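The values are calculated or read from the model by the stated rules, or taken from the named source; none is laboratory data. Worth saying up front: this structure is predicted, and the values here are computed from it rather than measured. Cβ atoms come from the backbone with ideal geometry, glycine included; neighbour counts cover every protein chain shown.
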Amino acid sequence: MKRLPLDPPDTVQFSRMVRRFRFFEAMSIVMLERVLEGLQLFAFEAREKVCAQGDSGDSFFVVQVGTLEVTVRKDPKTRPRRVATLEPGDCFGEMSLLRQAPRNATVACLAPSRVFVLPARHFQAVLAQNPDFSEKIQTLAEARQFELDHP
């Protein structure tokens, strides 16, 4: 993992990507600017983990470039089960942030990837200041939890 400089074209791309998410579409420009204040960009190599099941939920992620695999292991003795493949524009990490609970899946890069990262403190500030955003992201988290519970 390598932190990259975040330049203006990256922030424009992030803004366009997140506007496609239902929970970001109602966000005001002022709120989006607050999100951008905390935004970071990281590069990952193929097979490198972005986050691991059981880790603390410390960030929200949006894929800029690459393909990532989401796996869940129900029991340490079993093989992980692929539950999703993520591509540019997809997000992840909201469930553990909302619930302040350990991550319930591992996300690893299938190819070299670049991922936008919004640390928890910035994510929580946005949730606190935007009830509509908070409600929509909670709905997404509930839907994803249902998918994990009912393979």
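The single condition among (1) modelled with pLDDT of 95 or more; (2) in contact with a Leu (Cβ under 8 Å, 6 or more places away or on another chain); (3) over 15 Å from Pro119 (Cα atoms); (4) in a strand (DSSP E or B) that Val83 does not satisfy is (1). The requirement of being at pLDDT 85 or above, surrounded by fewer than 16 Cβ atoms within 10 Å (Cβ to Cβ) and more than 27 Å from Ser134 (Cα to Cα) is fulfilled nowhere in region 51-69; no residue meets it.
In region 75-134, the residue that is surrounded by the most Cβ atoms within 10 Å (Cβ to Cβ) out of those that are closer than 21 Å to Glu45 by Cα and among the acidic types (Asp, Glu) is Asp90. With respect to being at negative phi, part of a helix (DSSP H, G or I), among the aliphatic types (A, V, I, L, M) and at pLDDT 85 or above, Leu36 fits the description. Just one of the listed residues (Pro112, Pro88, Pro102) is in contact with a Phe, Trp or Tyr (Cβ under 9 Å, 6 or more places away or on another chain) and not hydrophobic (A, V, I, L, M, F, W, C), and it is Pro112. Going by the structure shown, is Arg144 crowded, with 17+ Cβ neighbours inside 10 Å, under 14 Å from the mean Cα position of the chain (by Cα), at pLDDT below 85 and over 19 Å from Phe14 (Cα atoms)? The answer is yes for Arg144.
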